[in-house]
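Structure record follows, encoded as structure tokens.
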Amino acid sequence: QVQLVESGGGLVQPGGSLRLSCAASGNIAIIYTMGWYRQTPGNQRELVASITIGGSTNYAGSLEGRFTISRDFAKNTAYLQMNSLKPEDTAVYYCNADAAPAFGLRSDYWGQGTQVTVSA
């Protein structure tokens, strides 16, 4: 009952910037937390950043200062501003939502992912 669609990925040179978007739709009652995760082949999916309904943010320690997560509550959309990108940032980035649909159970939802490639 909750769908997440990511956009904004692509190819960028080292030092460049990208802004990812995640739009949530469906019969949403409340989204407690939205977050961004990333995954590369052979590695586990790891947290990049998250933001709660109260606006509290959490970042992976190595990413603080370069990445910024934000949330538009009216649009049920989360954003990830990525600056000073490095080749090691290359990954598939996934949007996550801890959400409760109307007349449904609170659960964890995932988007299909968007590819970010940082290369010269």
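The table below gives the values:
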item	result
Charge dipole magnitude, Cβ of K and R +1, D and E -1 - the stretch 51-112, Cα centre, debye nearest 20	140 debye
Along principal axes, Cα extents of the chain, largest first, whole Å	48, 26, 23
Rounded percent of accessible protein surface that carbon and sulfur make up, the stretch 1-79, 1.4 Å probe	46 percent
Only Lys, Arg (+1) and Asp, Glu (-1) charged, at Cβ; the chain dipole about Cα centre in debye	120 debye
Accessible surface, per residue, of the stretch 1-99 when the full set of protein chains is kept, probe 1.4 Å, Å²	48 Å²
Rounded to 5, percent antiparallel among DSSP beta bridges of the chain	90 percent
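The values are calculated or read from the model by the stated rules, or taken from the named source; none is laboratory data. Since this is a predicted model, take the numbers as computed values, not measurements. Backbone-built Cβ (ideal geometry, glycine too); neighbour counts: all protein chains shown. Side chains included, ligands, DNA and RNA excluded: accessible areas come from the protein's heavy atoms. Shrake-Rupley method; radii C 1.70, N 1.55, O 1.52, S 1.80 Å.
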